[in-house]
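**Student:** Input: one structure, supplied below.
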Amino acid sequence: ITPYARSNVFIVFNSVDNTAQEPFAAPVRRPEFIGARDFTPVR
C-alpha cells in the first residue's frame, strides 16, 4: 500500500470487424459512453 494517490486508465482495442449491433434482448441501445458507435480504424 502506498500513500500516493493513483488513477487507472483502461484502453481496449477491438477489431473493427466486431462492431456493436442493435440489441436483440434489451429495449434500447447502450449509451454512447458505454458502447460507442464510431468504428473508424485507428491508424
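The values are calculated or read from the model by the stated rules, or taken from the named source; none is laboratory data. Just so we're clear, the structure is a prediction, and the values are computed from it rather than from any experiment. Using ideal geometry, Cβ is built from the backbone for each residue, glycine included, and neighbour counts are taken over all protein chains shown. These accessible areas exclude ligands, DNA and RNA; they are computed on the full protein's heavy atoms, side chains included. Shrake-Rupley method; radii C 1.70, N 1.55, O 1.52, S 1.80 Å.
**Student:** Take ASP38 and tell me if it is loosely packed, with under 10 Cβ neighbours inside 10 Å, at pLDDT below 85 and more than 12 Å from the chain's Cα centre (by Cα).
**Tutor:** Spelling it out, it is not the case that ASP38 is loosely packed, with under 10 Cβ neighbours inside 10 Å, at pLDDT below 85 and more than 12 Å from the chain's Cα centre (by Cα).
**Student:** Which pairs have Cβ atoms under 8 Å, sit 6 or more apart or on different chains, and link a residue in segment 16-43 that is free of Cβ contacts under 8 Å to residues at least 40 places away in the same chain to one that is open to solvent by less than 100 Å² (accessible area, probe 1.4 Å) and aromatic (Phe, Trp, Tyr)?
**Tutor:** Short answer, once both residue conditions are applied: VAL16/PHE39; THR19/PHE39.
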